[in-house]
Amino acid sequence: MDIKNYIEFLSHNKTERECVEYAERELRNHGFKLRSEIVNWEYGTKVYYKNKEKNIAAFIVGKHYDEYGLNLLGAHIDSPRLDVKTQPLYEDSGIGFFDLQYYGGIKKYQWTARPLAIHGVVCKTDGTKIPVKLGDTGSGYTFCITDLLPHLDRQMGERKASETIEGEKLDLLLGTIKIDDKEEKDPVKKNILKLLKDEYLIEEDDFISAELEVVPAGEASFVGLDKSMVGGYGQDDRVCAWTSLMALIDVADSGITPERTCGCVLVDKEEVGSICATGSESRWLEDVIYNVSQSVDHNDLATILSNTNMLSSDVSAAYDPLYPDVANKEQSSKLGGGFMLSKYNGGRGKSGGADANPEFIAAVRKTMNDSNVKYQFDTMGKVDVGGGGTIASIVCRLNLNVLDAGVPVLNMHSPMEITHVEDIKSTYEGYKAFLMSDINVFKVEY
């Protein structure tokens, strides 16, 4: 596993669709086939499924599928960002703007006065899909959200940090040049529309059926004089998505058929509650597992699900010595401490979270110990300070054994998240060991 490949992935895949396209290319390059292309199933078959261009799941059929469940890695590929509204373009005082809505939990002030780009897709009524990537590396231009100068922000400075920038003021600066038409009421807006039509064949009405995401412009990079860290947008949760995908691909390339069928599932909408048909609340994962089970002549879905093990591949907040008041140092994961395992999450009183069974945790610990994987345990935040959730609390409704496991992160949910190179490597090794394991702590039969 090469960290430079991870940085390249992070730099150029900033939306769910881009991540799915990347994953599909990598899977096909390593012998995986789309479900519709598989005729004969056998042990070692490598298959993948896609859902609405924003989910992808890949599996390697193991030796004992009919006796056991699966070993799964589940990560999300959406990240906090700003979304372009459906009727976004307007002009005010000779300046053209896009009206935006923030997606997920952000500190709004972190998104002003910094280079931004637009990634996404526009779907036209004739069925055409137009991929969009504007203002990012190599384009020669970028976008920005304005902020107020310190000389005039006394009133703003008296507000709470969460109220410093209002959501309605998060509008994207697009341009100022006017079209050559003195009769035009909104000449800047008209010129922007002309540029979009000339370059991308996009009309104003097409924004209604577009999915455009405003994300930080620029590339990820090593951080620090010693290059011990990685900095970039979207590491929550693409660092775990990438390591999960690479672990599965390396298992496939090893030539060793795993004991249990193993897989990697990448989902959408985690940052807004795992809703919609592409979030983990959807029945898609259950349907995919059922399809795999039918294909290898074992149709008892309840037995398979109940005996399935899953690592919810997600990040947690690394201990930050500059902000010691919000976390217990002894309970928190540390940068450079290795693969992060978390028994439970949620808010105050474990509310809204998942809580793994100790038998399963013990089996995962043994797997990591046997494989010489460096790991640590994590509890995010002090008891009454806050907390967070993952897809673990959703997928455990299928009666899976689930444990949160991933990479510690500094600056989480910011445009510039920080991870440690050694933690990324340890997480990859941990995921690979888990996929090849034969954990069977609760043998359930129906």
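Per residue of the range 114-125, in order, report the coupling 6.51 cos²θ - 1.76 cosθ + 1.60 (Karplus, θ = phi - 60°) as ³J(HN,Hα) in whole Hz, putting x for Gly and Pro.
Result, ordered by residue: 9, x, 10, 10, 10, 10, x, 8, 10, 9, 8, 5 Hz.
Can you spot the lysines whose alpha carbon is less than 26 Å from residue 107's alpha carbon? Ignore those fewer than 8 places along the same chain.
List returned: 14, 54, 85, 133, 160, 169, 269, 329, 334, 350, 382.
Give or take rounding to whole Å, what are the principal axis extents of the alpha carbon atoms in the chain, in descending order?
Cα spread of the chain along its principal axes, largest to smallest: 76, 54, 39 Å.
Return the distance in nm (one decimal) between the two label points of a simple spin-label model at residue 183 and residue 110, each offset 7 Å from Cα along Cα→Cβ.
It is 5.0 nm.
If you take the charge dipole of the range 83-216 about its Cα centre, with +1 on Lys and Arg Cβ and -1 on Asp and Glu Cβ, which of 187, 175, 150 is farthest toward its positive end?
150
Can you order the peptides 256-263, 372-379 by their average number of other Cβ atoms within 10 Å per residue, highest first?
Numbers: 256-263: 22.1, 372-379: 17.4.
For the peptides 256-263, 372-379, the packing ranking is 256-263, 372-379.
Expressed as a rounded percentage, what relative contact order does the range 83-216 have, with Cα pairs under 8 Å and six or more residues apart?
38 percent
Assuming 1.567 mPa s and 4 °C, estimate D for the range 51-207 with Stokes-Einstein, Rh taken as the Kirkwood radius over Cα pairs, in µm²/s.
68 µm²/s
What is the sum of charges, Lys and Arg at +1 and Asp and Glu at -1, for the other residues whose Cβ falls under 15 Å from the Cβ of residue 37?
Taking every other residue near residue 37 into account, the sum is +3.
When ranked by the protection proxy of mean other Cβ atoms within 10 Å per residue, highest first, what sequence do the peptides 161-170, 74-83 form?
Numbers: 161-170: 13.4, 74-83: 25.6.
Result, highest mean Cβ count within 10 Å first: 74-83, 161-170.
If I stretch the segment between residue 169 and residue 383 completely, what's the gain in nm (0.36 nm per residue apart, minus their alpha carbon distance), one decimal?
Going from the current span to full extension adds 73.7 nm.
Tally Lys and Arg at +1 and Asp and Glu at -1 over the other residues with C-beta under 11 Å from the C-beta of residue 327: what net charge comes out?
-1
Any idea what the dipole of the range 158-240 comes to, in debye rounded to 20, about its Cα centre with Lys/Arg Cβ at +1 and Asp/Glu Cβ at -1?
Computed charge dipole of the range 158-240: roughly 340 debye.
Please give the calculated 222 nm ellipticity per residue for the chain, where each DSSP H segment of at least 4 residues contributes -39500 (n - 2.57) and the sum is spread over every residue; nearest 500 deg cm²/dmol?
Using -39500 (n - 2.57) per qualifying helix, the result is -7500 deg cm²/dmol.
Rule-based calculations on the coordinates, nothing more; no lab input. Computed from a predicted structure; not experimentally measured. Neighbour counts are summed over all protein chains in view; Cβ atoms, including those assigned to glycine, are modelled from backbone coordinates with ideal geometry.
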